[in-house]
Structure formats: structure tokens, C-alpha cells
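Below you'll find the structure, written out as C-alpha cells, and then a few comments.
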């Protein structure tokens, strides 16, 4: 076969149709990625990330009580977690009242805003997640990390995506007065 290169025309540019096809493919892929990205901040994996952070904070308070840790203000009676609102909780320490030992402290084992020292104010790490309801204060007393849950045997912390309250879209953390902590769903 013989080709006459003199008469063949080679184009070094894209045609408008080729450009439109490529742009349509890129737009479709971008749309799919954006939809999947938005959904991923509300799925089970996102709930578990938030729940694991809360679980880690509660276990840190439990460990501090077991270790007999101190805070800036000095020796404390215990450490705990307190519900503030649907997106925020506090980690706190209970300082020893002047002239009293922890055993003689008549305060209940809940958060006292005037007396207790705030270690950290924690906001849920995902703006799409909330606490479904308030949870009882969780308090670990030094020296044996005895667990108090405002007179109850357990405290359940439920986390769900904003606007979704079906049981399949809820992750819960249960803290027992025995000190055991479970995460479900």
C-alpha cells in the first residue's frame, strides 16, 4: 500500500466534540465523588470514628483515676465526663476541698461547675453527628477508679447523624458502674 503523505492532513488540535466528551466524563466523575464524599461523613464508619474518640476520652479519665494523676491545681478525688449539649461534653477533675479527704466529700459524684476543674471541652469531631440525648455524668474516683454514674448502673451515650434516628443509624457507648465500657453498632 502506498500513501501519499503530501495529501494527508494531520491535525494537532482537539476537535470541539472531543473536548465536550472529555468535559462531560470529568463532570460525571466529579459529581459521583462529591455525592460519595458527603455520604461518607454520615455513614457507620463516621459514627464509629466519633464514638471511638469519646470512648478514648472516657478511658483516659478512667486511667487517670487509676493512676492517681494530679492536675494543675494539685491532688484530685477523681476524673469524669459530663454532657453539655448535643455536640459537646466536658472532661473534668474533682479537686479535694480544703480540709476534707475524698471519702468525707458529701458532694454527689456528678459535675459541679463551681468546684470542678475542666480538663477539656470536647466538640464532636464530625459536624454531621450529634448525641441523641443527654447522658449521665460518668465519674471515676481515685484510688481504685471506682465508677459512679449518677446513681445508675450504666450510662448509654448514643451517637447518630443529624436528622437520622433509626436504630440502624445509631452507635452507642455503654459505661457500666463496674468500669466496663462497650461500643455497639
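Rule-based calculations on the coordinates, nothing more; no lab input. Note that this is a predicted model, so its numbers are computed, not measured. Reconstructed Cβ throughout: ideal geometry from the backbone, glycine too, with neighbour counts over all protein chains shown.
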Self-check item: Relative pair counts by distance (%), Cα atoms of the stretch 45-152, 5 Å bins
Solution: 2, 13, 23, 25, 17, 11, 6, 2, 1, 0
Quiz item: How far apart, in nm, are two points set 7 Å out from the Cα along the Cα-to-Cβ line at residue 122 and at residue 59?
Solution: 1.1
Self-check item: For peptides 63-73, 79-89, sequence by mean Cβ density within 10 Å, most packed first
Solution: 79-89, 63-73
Self-check item: Label of the coordinate-derived value, Cα Rg over 2.2 N^0.38 Å, listed as [x] 0.95; [y] 1.00; [z] 1.75
Solution: [z]
Exercise. At 7 Å along the Cα-to-beta-carbon direction for both residue 67 and residue 28, put a label point, then send me their distance in nm to one decimal.
Key: 5.6
Exercise. Measure nothing fancy, just the Cα-based angle from helix 16-40's long axis to the longest principal axis of the chain, in degrees from 0 to 90, nearest 10.
Key: 10
Exercise. Compute the long axis of helix 44-67 from its Cα atoms, compare it with the longest principal axis of the Cα atoms of the chain, and write down the angle in degrees, 0 to 90, nearest 10.
Key: 30
